[in-house]
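What follows is a set of notes on a single structure, which appears directly below.
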Amino acid sequence: MNQIAPNPPRAPRDAWLKAAYDVLTEDGVEAVKIMPLAKRLGVTRSGFYWYFADREALLDSMITHWEDKNTGNLIARCEAYAESICEAVLNLFDCWLDDSLFDGRLDLAIRNWARNDAGLAERLALADARRKAAIQAMFVRFGYGPEEAEVRTMTMIYTQIGYLSMQVSEDRTLRMSRMSAYIEVFTGRTPTAPELDRFMARHDMAVLSSGTAPLSAPV
């Protein structure tokens, strides 16, 4: 039987989750084990049991965090207020540029993990279905037919998964300069300069009045 530490642990619950996240994204789920995590945190393993019944409970907490953060925020961005499909897709693009909304490293780690975990594969399939439904509904909301909305949705999803699986390292300024072109590819429409201005401002970048390229980028 697991022993509960008699005194409050030195490492809080979030520290265990952060350590587990680091190991998962660096070395895969097989490396996420209690003793190595305790050593990483510089504490005894007994503190682990203040927060988690066992290793499986820790892993489940990580999966739940991924579902809430990545899938939850993606859906929220799809449902956010927008006056045009271009603005709606730019809202969704926030996820690809802001790690606080969508964690690409975690998403890739979960997908790799699911290859050998049938239970997680089911949860991943459900998450992907929810993401697809949200993006498709976004297109339908702006007048696209169901079939066209689905094709455009899958084009976006497959592109982003490709970014993650190929671990693309792209200069931020270059990527931002291509946003207008990406919008045209995904929607068939051209975003306005004000729409691009608002998007760039959210990500601490400035654009030319034509809305075609960034003037500066954060260091």
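The values are calculated or read from the model by the stated rules, or taken from the named source; none is laboratory data. All values derive from a computational prediction rather than experimental measurement. Note: ideal-geometry Cβ built from the backbone for every residue, glycine included; neighbour counts use all protein chains shown. Surface accessibility is based on the protein's heavy atoms, side chains included, excluding ligands, DNA and RNA. Shrake-Rupley method; radii C 1.70, N 1.55, O 1.52, S 1.80 Å.
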Log entry, pairs with first residue in segment 158-177 being within 21 Å of residue 112 (Cβ to Cβ), second being among the aliphatic types (A, V, I, L, M) and surrounded by 13 or more Cβ atoms within 10 Å (Cβ to Cβ), beta carbons closer than 7 Å, six or more apart or on different chains, reads 164/108; 165/108
Given the conditions (1) closer than 25 Å to residue 184 by Cα; (2) at pLDDT 95 or above, every one holds for residue 124 apart from (1)
Within segment 60-79, of all residues that are of a type in the set (Asp, Glu) and open to solvent by 60 Å² or more (accessible area, probe 1.4 Å), the one nearest to the chain's Cα centre (by Cα) is 68
Scanning segment 146-159 residue by residue, those touching a helix residue (DSSP H, G or I) at 6+ places or on another chain (Cβ under 9 Å) and open to solvent by 20 Å² or more (accessible area, probe 1.4 Å) turn out to be 146, 148, 150, 152, 154, 155, 157, 159
Scanning segment 18-33 for residues that are surrounded by 17 or more Cβ atoms within 10 Å (Cβ to Cβ) and among the aliphatic types (A, V, I, L, M) gives 19, 20, 23, 24, 29, 32
Residues of segment 160-197 being assigned to a loop (DSSP other than H, G, I, E, B) and crowded, with 19+ Cβ neighbours inside 10 Å, in sequence order, are 191
Apart from one, (1) at pLDDT 95 or above; (2) more than 30 Å from residue 93 (Cβ to Cβ) all hold for residue 76; the odd one out is (2)
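Results for (1) in contact with a Cys (Cβ under 8 Å, 6 or more places away or on another chain); (2) part of a helix (DSSP H, G or I); (3) of a type outside the set (Lys, Arg), shown as yes or no for each residue.
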residue	(1), (2), (3)
43	no, no, yes
63	no, yes, yes
92	yes, yes, yes
105	no, yes, no
Taking first residues from segment 55-82 that are touching a residue at least 24 places away in the same chain (Cβ under 8 Å) and second residues anywhere that are surrounded by fewer than 18 Cβ atoms within 10 Å (Cβ to Cβ), the pairs with Cβ under 6 Å that are 6 or more apart or on different chains are 71/130; 73/101
Taking segment 109-126 and keeping only residues that are free of Cβ contacts under 8 Å to residues at least 60 places away in the same chain and assigned to a helix (DSSP H, G or I), one is left with 110, 111, 114, 118, 119, 120, 121, 122, 124, 125, 126
Screening 82, 57, 134 for residues that are open to solvent by 10 Å² or more (accessible area, probe 1.4 Å), outside any helix (DSSP H, G or I) and not basic (Lys, Arg) leaves only 82
